[in-house]
Amino acid sequence: MLMSMLLMKMMDPMFDEATVKMLTEDYKDNPFLLATVAEKLTPRGIIEAGIRAELGTAISRPLGSPVVLSPWNKILLSPRQLFELPTRSTLEISTRTVIGPRAARPLLLDIPILITGMSYGGSLSLRMKTALAKGASLAGTATNTGESAVTDEERGSAKLLIGQYHRGGWLSGSEQLDRLDAIEIQLGQGAWGGAVEEPIAHDSIGEHLRRAWRLEKGQDTAINARMPGKENTRDIVKMVNAMKQQYDVPVGVKIAGSDYIEYELAVIAQTDADYIVIDGSEGGTSAAPPTLEDDLGLPTLHSLVRAVDWLIDNGLRERFSLIIAGGLVTPGHFLKALALGADAVYIGTVALMAALQSQVVKVLPQAPPAQLALYDGKMNDKVDIDKAAKHLANFLQSCAIEMKLAVQAVGKNALSELARSDLVTVDKDLAEFAGIHYAGSPRRGELSGERPAGREAPAREAGQPAWQ
Ligand SMILES: Cc1cc2nc3c(=O)[nH]c(=O)nc-3n(C[C@H](O)[C@H](O)[C@H](O)COP(=O)(O)O)c2cc1C
């Protein structure tokens, strides 16, 4: 008490002087100018300019873009109370999810929330990957290798492991691909604005990782912009189909959302893939140049709506499972993504935060929590794996429980039954774009199927699918 009074006493004259200065001085001598400059350039713009001025190279910002363009908070789910009743008990509500139902060995999940691809070595430590795998297993869902390789540690901890066949080439060959429960061909990522090259120097690769990636001592490596040896669309289609021929688990294709999404889907539709992953512009990453994170791609919500519309318009909705990723943080986001037409969601950044939970105090305030989770994190040996796994499983369980309550309120019996007709939005343009009801106009007549009046599928030659 005495201390703070003393501090106040000391600060008072300085505070008075600064206030008088701000209220009297001409702008060019006024400390408030800092505020207007910060408004003009934004604090992030100023800091990034400083880092660029220091480094003179592309800079790297962890965990993706702070720019959120998907208007999830403008959408609500519509409860049923009288004209139709809510579901009697949440016990009647199913959260079960199948990815790649046409595959010989589909991916069977207890919940439609999967831990997304985050690579061991390229981003996360082996301890963190093991914790995520254990947590996902406890919650009855899958995790994903990311752009790395299959390690015994992750495989041994994950009941269900999806492996990324990626542009770095370190996860390939049947000895690795045979160990997976699904194969995801990674052609792009939201936070990287699609697919660009990323060199990785040998001195950033430790011994265990070097052996996992099957690299020679002192060998530099890279993630290429293109899949090695694939020089055109035909090559990609052939590669996907060859993978499908060889493996009986679901084969998927991951791309970043972009304004060419219909054209990208038209190529995927030419393959025998089982599932599609779309990563919106709000997607995370361990670290990428801010320009790629902030200024390229398509927001997650818009990517999802356009992808579902295109698949429906081309009679392909049942053919592909659809997983959406990018800036999905809360059970509300997950519910709205499912109602807009996704079969499941991938989570990255929030899964890391949930798994780390209070362990962040092991590094704060000296260092950001990333230092606990990242492969080159200075304190990544301090992660308690089982504690992180338990916290992640609790997070997923908590999300599933709240999602079931929402489905009960909406009067449905499964997360997979959620539809656009269960949504309403306060934004007229969004209502028009996403084919959901506008809060500003009354509901009339029967609750019909997916599309409200005026949103018929575009006319096409009889039997002429758009993708041929
Ligand atoms: C730490 C981290 C590492 C990532 N590594 C990969 C990767 O190796 N391969 C990939 O396709 N995406 C990678 N991503 C992107 C995610 O798979 C996913 O598309 C994105 O994170 C979803 O956005 P969210 O983090 O907002 O949930 C990474 C994301 C994070 C946060």
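Computed values, structure above
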quantity	calculated
Computed accessible area, ARG211, all protein chains, 1.4 angstrom probe, square angstrom	140
Estimated 222 nm signal from helices in the chain, with DSSP H stretches of n ≥ 4 weighted -39500 (n - 2.57), rounded to 500	-11000 deg cm²/dmol
Cα centroid separation - the stretch 354-403 against the stretch 296-341, whole Å	28
DSSP-assigned coil residues among chymotrypsin sites (Phe, Trp or Tyr not before Pro) in the stretch 1-100, each with at most 11 further Cβ atoms within 10 Å	PHE83
Gained length - TYR263 relative to ASP376, 0.36 nm times residue gap less alpha-carbon distance	36.9 nm
Accessible surface, per residue, of the chain when the full set of protein chains is kept, probe 1.4 Å, Å²	48
Spatially proximal lysines relative to LYS230 (Cα-Cα < 28 Å; intrachain offsets below 8 disregarded)	LYS217, LYS238, LYS244, LYS254
Whichever lysines have a C-alpha closer than 22 Å to that of LYS21, once near sequence neighbours (fewer than 8 apart) are set aside	LYS9, LYS40
Lysines whose Cα lies under 24 Å from that of LYS382, excluding same-chain neighbours fewer than 8 positions away	LYS129, LYS134, LYS362, LYS390
Order by protection proxy (mean Cβ within 10 Å, highest first), peptides 36-44, 429-437	429-437, 36-44
Percent accessible area from carbon and sulfur atoms, the chain, protein chains only, probe 1.4 Å	58
Stretch gain in nm, segment ALA409-GLN81, where the contour uses 0.36 nm per residue and the Cα spacing is subtracted	117.3 nm
Low-density loop positions, GluC sites (Glu not before Pro), the stretch 195-267 - DSSP coil, at most 14 other Cβ in 10 Å	GLU197, GLU216, GLU231
Computed over the chain, Kirkwood Rh from alpha-carbon pairs, angstrom	24.1
Axial C-alpha extent at least 15 Å, average Kyte-Doolittle at least 0.0 - helices from the chain (DSSP)	2-24, 43-55, 126-138, 300-313, 385-410
Charge context of ILE385, other residues only, Cβ under 12 angstrom, K/R +1, D/E -1	+1
Globularity ratio of the stretch 176-289, using Cα Rg and 2.2 N^0.38 Å	1.16
Distance cut-off 17 Å, percentage of C-alpha pairs in the stretch 316-447 lying past it	68
Compactness of the stretch 1-85, expressed as Rg and Dmax over alpha-carbon positions, Å	23.7, 66
Heavy atoms of MET353 accessible to a 1.4 Å probe, total area in Å² rounded to 10	90
Test item: Cα-centred dipole of the chain, Lys/Arg +1 and Asp/Glu -1 on Cβ, debye	1040
Sum of side-chain charges, ASP235 neighbourhood, beta-carbon under 14 Å (Lys, Arg +1; Asp, Glu -1)	+4
Most positive-pole-ward Cα, PHE395, ALA195, MET5, against dipole of the chain from beta carbon charges	PHE395
Rounded to the nearest 10 Å², the accessible area of HIS202 at probe 1.4 Å	80
Where SER398, SER119 fall by accessible area, highest first, once all protein chains stay in place (1.4 Å)	SER398, SER119
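The values are calculated or read from the model by the stated rules, or taken from the named source; none is laboratory data. Predicted model only: the values in this text are computed from it and were never measured. Note that each Cβ is placed from the backbone with ideal geometry, even for glycine, and that neighbours are counted across all protein chains shown. Heavy atoms of the whole protein, side chains included, go into the accessibility calculation; ligands, DNA and RNA do not. Shrake-Rupley method; radii C 1.70, N 1.55, O 1.52, S 1.80 Å.
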